[in-house]
Amino acid sequence: MGDPVVEVSAGLIFRNGRLLITQRHADAHLGGLWEFPGGKREPNETFPQCLVRELREELGVEVMVGRLLERIFHSYPEKTVRLEFYLCQLRHGEPRPIGCAALKWVAADELQSYKFPEADAQLLERLRKESNLWAVSSPG
């Protein structure tokens, strides 16, 4: 019997043509890599509820979770992950690296300069191709 699937909810927060990315702590699984902020879903929690909680804990912000942009299943040697990526709008607060090593607002042409987990490859390709996503903006 295989290991249980780790369910993760992640947010795509755009502002002024830039996208928020966060860096994993060096001692974490896939440490040092960049990712889209979010985290593991808890029992009896929806993916959007998870995202609101995780972004509050990790970045100190309140968000409104919008539409599901991408759902990805990816198997690493040590675990399988189910990732759900949602478009989000910042509602309150300025992101701070509370639960991550660092954060950056990046433009579309800067994404390739950062190393992301393998599981994000499909979404990264979509972000490169769909320039209209970058026009989405958060108030504030």
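The values are calculated or read from the model by the stated rules, or taken from the named source; none is laboratory data. This one's a predicted model, so the numbers in the text were calculated from it and none came from an experiment. Glycine gets a Cβ as well: all are built from the backbone with ideal geometry, and neighbour counts include every protein chain shown.
Quick notes on this one:
- So residue 127, is it crowded, with 19+ Cβ neighbours inside 10 Å, touching a residue at least 40 places away in the same chain (Cβ under 8 Å), closer than 20 Å to residue 17 by Cα and touching a Phe, Trp or Tyr at 6+ places or on another chain (Cβ under 9 Å): yes
- Residue match in the stretch 64-75 (condition: part of a loop (DSSP other than H, G, I, E, B) and more than 15 Å from residue 12 (Cα to Cα)): no
- Consider the stretch 105-120 and keep the residues that are in a helix (DSSP H, G or I) and small (Gly, Ala, Ser). The one that is surrounded by the most Cβ atoms within 10 Å (Cβ to Cβ) is 119.
- Selected residue [closer than 14 Å to residue 20 by Cβ and either at pLDDT 95 or above or not in a helix (DSSP H, G or I) (or both)] from 84, 58: 58
- Long-range neighbours under 9 Å by Cβ, at least six apart or interchain, first residue farther than 20 Å from residue 68 by Cα within the stretch 14-38, second of a type in the set (Asp, Glu) and modelled with pLDDT of 95 or more: 23/35; 24/35
- Selection count where residues are at pLDDT below 95 and of a type in the set (A, V, I, L, M, F, W, C), scope the stretch 15-51: 3
Residues are listed down the side, and each one gets a yes or a no for (1) within 19 Å of residue 126 (Cα to Cα); (2) surrounded by fewer than 20 Cβ atoms within 10 Å (Cβ to Cβ):
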{"residue": "13", "(1), (2)": "yes, no"}
{"residue": "61", "(1), (2)": "no, no"}
{"residue": "68", "(1), (2)": "yes, yes"}
{"residue": "80", "(1), (2)": "no, yes"}
{"residue": "97", "(1), (2)": "no, yes"}
